[in-house]
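Working notes, structure below.
The values are calculated or read from the model by the stated rules, or taken from the named source; none is laboratory data. All values reported here derive from a predicted model rather than from experimental measurement. Cβ atoms come from the backbone with ideal geometry, glycine included; neighbour counts cover every protein chain shown. What goes into the accessible areas is simple: the full protein's heavy atoms, side chains included, and nothing from ligands, DNA or RNA. Shrake-Rupley method; radii C 1.70, N 1.55, O 1.52, S 1.80 Å.
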Amino acid sequence: MGFFTTILGFFGFGFGISIGLVVGYFFFIYFQPTDVKDPEIKPLVEQDPVTLQKMLPEIPIWIKNPDFDRVDWLNKFIQYMWPYLDKAICKTAKNIAKPIIAEQIPKYKIDCVEFETLTLGSLPPTFQGMKVYVTDEKELIMEPSMKWAGNPNITISVKAFGLKATVQVLDLQVFLAPRITLKPLVPSFPCFSNIYVSLMEKPHVDFGLKVVGADLMSIPGVYSFVQELIKDQVANMYLWPKALEVQILDPTKAMNRPVGILHVKVLRAMKLKKKDLLGASDPYVKLKMNDDKMPSKKTTVKYKNLNPEWNEEFNLSVKDTESQVLEINVYDWDQVGTHEKMGMNVIPLKAIPPEEPKEFTLGLLKNMDPNDVHNVKSRGQIVVELTYKPFKEDELANGFEEKHTVQKAPEGTPAGGGLLVVIVHEAEDVEGKYHTNPYVRVTLTGQEKKTKRIKRNRDPRWEEEFGFMLKEPPTNQKLHVEVISTSSRSLLHQKESLGYIDISLADVVSNKRINEKYNLIDSKNGRIQIELQWRTS
């Protein structure tokens with residue numbers, strides 16, 4: 001019986017399955033449910049917020065905020081470069097962490113803290129979008145939105161009291177909204193001197209932490225405590241306006257700013273060779289630093305004298321004591337025609353000890369070519385006394401602080417007066433009717449300063465600085481700034497005004513510093529950026 005029961009059971013199961021499939025197929029084909037409707041397709045802009053949230057659980061920030069730009073190219077670049085960036089970042093992190101750890105561990109009586117493994121994993125961070133700010137200062141401000149759900153493997157061993165504990169960080173998630181400021185912008189690669197990093201809001205940090213194989217984050221209360229602790233500690237250090245500063249270039253060299261003053265005293269010359277056919281020569285001396293665009297300093301002319309004595313003093317700014325030299329040229333003054341050179345020589349600044357006067361007696365040469373046979377001929381001698389006065393560290397730092405503090409006026413500034421510094425940065429949309437070769441002419445109290453001329457440029461950048469020494473604050477005066485174009489090819493229109501502006505100086509006297517862009521008068525769309533500083537002693 002058992003055998004026949006089994007056979008009949010299998011037969012009934014097979015027959016029932018076959019009948020069920022046929023009946024089910026018949027109902028599926030010929031009977032449609034009445035409560036099912038065709039889906040209604042709508043554009044995204046017509047969807048309600050709840051539906052959008054279901055369809056797009058994470059809306060990119062560049063969709064929600066039009067100020068943010070897409071940076072897909074940056075994400076692709078980072079993804080491709082991530083294996084190399086991983087090694088470079090880990091190596092840099094170790095080099096930064098080692099001295100900090102060595103300084104801190106004695107406070108907690110820890111013998112040693114080492115990285116056993118340090119890798120950021122195979123998943124790179126992604127940038128949801130980036131906002132870029134444009135200011136009138138020499139800076140670039142970026143605010144990226146960064147998310148990183150990585151798989152790093154960071155293992156740290158800690159040794160204390162003869163025991164060793166291993167701490168492992170896993171499954172790290174970081175959501176950041178940093179502000180990255182590159183400033184000041186400089187004409188030396190990589191074109192910025194410092195990087196400032198601030199957090200615009202508290203970061204979100206989530207990770208797993210294993211100690212001796214056990215996950216500490218699974219202990220009740222530890223997870224939320226560690227989360228808040230990290231947020232508060234990071235916020236206390238880097239939440240805006242606080243910032244992490246990373247120096248990329250030496251600011252004095254990057255900005256090509258002076259690092260000291262060279263005091264030059266031209267004493268006398270001896271046994272000069274006359275250049276005039278009738279009578280003696282009329283010598284004078286020109287002083288100049290190499291790699292300096294400032295005009296040369298000149299002594300007075302000593303008429304009909306081959307052994308002149310000047311005893312005249314000059315100050316020249318120094319930007320690099322290792323590479324710069326003082327150029328000394330002696331000329332014969334002529335009332336008609338060009339002044340003929342009587343001789344020259346140079347003094348390397350690295351040969352001058354700081355803060356100590358040193359006298360030099362130099363033989364005059366035709367040029368500085370050591371192979372020129374004309375240099376064998378005697379041309380006389382000149383005697384100068386040099387004193388190099390380097391700026392102090394705090395004086396150098398003042399010009400590169402985040403807050404734009406104004407330096408003090410130099411020695412010799414009239415009591416009650418000051419130094420008005422005018423920095424001509426750039427212009428935009430300046431265009432002449434006949435030519436566009438712009439330069440800027442700055443006029444105040446009868447004194448006139450000019451920038452260099454830039455050929456065929458509607459958006460010129462000068463970055464030139466001028467100074468006006470005034471006996472009293474210019475509260476009731478105006479600075480006249482005019483953009484002019486000149487061309488030697490146009491005979492009828494050699495000079496053309498591209499626009500001007502008169503700036504009241506009352507604001508700069510009260511505020512010490514202003515940096516603004518001004519709309520040029522008599523110009524269609526022209527603008528010019530001028531920075532003014534009022535320095536007092």
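Here are the numbers for this structure:
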quantity: LYS319, sole failed condition from (1) among the basic types (Lys, Arg); (2) open to solvent by 80 Å² or more (accessible area, probe 1.4 Å); (3) modelled with pLDDT under 85; calculated: (2)
quantity: Qualifying positions in the range 343-371 - of a type in the set (A, V, I, L, M, F, W, C), out of contact with any Gly (no Cβ under 7 Å at 6 or more places or on another chain) and open to solvent by less than 60 Å² (accessible area, probe 1.4 Å); calculated: MET344, VAL346, ILE347, LEU349, ALA351, ILE352, PHE360, LEU362
quantity: Residue that is most open to solvent (accessible area, probe 1.4 Å), among those in the range 487-522 that are farther than 26 Å from PRO473 by Cβ and either basic (Lys, Arg) or within 33 Å of the chain's Cα centre (by Cα) (or both); calculated: ARG489
quantity: Candidates GLY499, GLY446, filtered to the one that is free of Cβ contacts under 8 Å to residues at least 40 places away in the same chain and on the phi > 0 side of the Ramachandran plot; calculated: GLY446
quantity: Test set (1) outside any strand (DSSP E or B); (2) closer than 28 Å to GLY260 by Cα - SER317 fails condition number; calculated: (1)
quantity: Count of the range 252-277 residues which are modelled with pLDDT under 70 and buried (at least 18 other Cβ atoms within 10 Å of the Cβ); calculated: 3
quantity: Residue in the range 461-482 that is in a loop (DSSP other than H, G, I, E, B) and at positive phi present; calculated: no
quantity: Only one of ILE484, ILE454 that is touching a residue at least 40 places away in the same chain (Cβ under 8 Å) and either in contact with a His (Cβ under 9 Å, 6 or more places away or on another chain) or among the aliphatic types (A, V, I, L, M) (or both); calculated: ILE484
quantity: Residue within the range 90-97 that is farther than 30 Å from VAL424 by Cα, assigned to a helix (DSSP H, G or I) and modelled with pLDDT of 85 or more present; calculated: yes
quantity: Which listed residue, of ILE59, ILE78, is closer than 23 Å to PRO125 by Cβ, at pLDDT below 80 and open to solvent by less than 70 Å² (accessible area, probe 1.4 Å); calculated: ILE59
quantity: Residue ID - surrounded by the most Cβ atoms within 10 Å (Cβ to Cβ), chosen from residues in the range 97-142 that are over 30 Å from ASP72 (Cβ atoms) and basic (Lys, Arg); calculated: LYS98
quantity: Qualifying positions in the range 523-537 - surrounded by 13 or more Cβ atoms within 10 Å (Cβ to Cβ) and not hydroxyl-bearing (Ser, Thr, Tyr); calculated: GLY526, ARG527, ILE528, GLN529, ILE530, GLU531, LEU532, GLN533, TRP534, ARG535
quantity: Inter-residue pairs, beta-carbon under 7 Å, first farther than 20 Å from GLU340 by Cα and in the range 286-315, second part of a loop (DSSP other than H, G, I, E, B) and at pLDDT 85 or above, 6+ apart; calculated: MET289/GLN324; ASN290/GLN324; ASP291/GLN324; GLU312/THR299; GLU312/THR300
quantity: Filter result for the condition that a residue is in contact with a Ser or Thr (Cβ under 8 Å, 6 or more places away or on another chain), at pLDDT below 80 and open to solvent by less than 40 Å² (accessible area, probe 1.4 Å), over VAL186, VAL226; calculated: VAL186
